[in-house]
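Okay, structure first, notes after.
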Amino acid sequence: MALLFCNLTCPDECDFFPSGGQLTVQLENPADGYDLGETIWLSADFSTLQSVDGREYTITDNGGLVVTQLFRLAADSMTLLPARTAFRTQTTEGEIVDAEDGGDPAALYLRYTCSGGRCAFRQGVVPDSTGLYILQITGSAIDEVNSAFHICYPPALRNTTLEGGGNLAENGLAGPFNYPRAQGGFFWSEPGAEQNSFLIRVE
């Protein structure tokens with residue numbers, strides 16, 4: 001999916017995107033448990049003007065991508081199974097886009113756009129079956145212009161904080177986790193105590 005925004009030509013001299021960019025997502029209704037059919041809302045609203053290591057760049061109106069992975073926690077509490085199909089999705093801002101063939105069966109890809117100097121999205125996931133799940137949300141590729149530096153590959157807001165998340169450790173889940181479906185080309189970053197993961201208990 002990152003290739004959606006990839007310029008296939010690279011300048012002779014270019015920089016890496018050092019800190020990966022920062023994205024803060026709000027978990028609007030964190031809870032210890034959710035009912036079947038209850039929507040869990042994730043949203044963000046942020047400026048198109050960004051900076052990395054003190055250098056500024058601007059996200060274009062084309063916006064970017066966000067990847068939400070949904071895993072079912074197996075009985076051993078260490079194995080993750082893809083659970084995208086256990087949830088329905090809805091959006092009030094942004095659009096769910098199809099994954100590439102062979103993509104991660106746990107992942108939803110949301111495309112958001114920007115206007116008036118702001119970028120925003122709001123998506124809901126609705127559980128259709130009971131169980132324990134882990135949600136992880138991570139910023140992905142952005143469409144970037146007006147930077148003071150040239151980059152070697154598409155920039156991405158990969159340093160993602162989920163406000164209201166980060167409850168894995170308090171529920172005794174510190175990893176490492178085993179995701180048998182992980183392989184080359186998947187958008188895979190193991191969930192852990194970091195602030196972009198959330199344990200969902202559906203009763």
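The values are calculated or read from the model by the stated rules, or taken from the named source; none is laboratory data. Since the structure is predicted, the reported quantities are computational estimates derived from the model, not experimental observations. All Cβ positions, even for glycine, are placed from backbone atoms using ideal geometry, and neighbour counts span all protein chains on display. Ligands, DNA and RNA are stripped out before the accessible areas are found, and what is left, the full protein with its side chains, is counted by its heavy atoms. Shrake-Rupley method; radii C 1.70, N 1.55, O 1.52, S 1.80 Å.
I'd like the full set of residues that are out of contact with any helix residue (DSSP H, G or I) (no Cβ under 8 Å at 6 or more places or on another chain), among the acidic types (Asp, Glu) and open to solvent by 10 Å² or more (accessible area, probe 1.4 Å), limited to the range 93-142. GLU93, GLU95, ASP98, GLU100, ASP101 - these are the residues of the range 93-142 that are out of contact with any helix residue (DSSP H, G or I) (no Cβ under 8 Å at 6 or more places or on another chain), among the acidic types (Asp, Glu) and open to solvent by 10 Å² or more (accessible area, probe 1.4 Å). Yes or no: the range 81-101 includes at least one residue that is over 21 Å from ILE40 (Cβ atoms) and among the small types (Gly, Ala, Ser). Scanning the range 81-101, I find no residue that is over 21 Å from ILE40 (Cβ atoms) and among the small types (Gly, Ala, Ser), so the answer is no.
Looking only at the range 179-203, filter to residues that are surrounded by fewer than 18 Cβ atoms within 10 Å (Cβ to Cβ) and aliphatic (A, V, I, L, M); which one of those is modelled with the lowest pLDDT? Result: ALA193. Of the residues making up the range 51-104, those that are small (Gly, Ala, Ser), more than 28 Å from ASN171 (Cβ to Cβ) and part of a loop (DSSP other than H, G, I, E, B) are GLY54, GLY94, ALA99, GLY102, GLY103.
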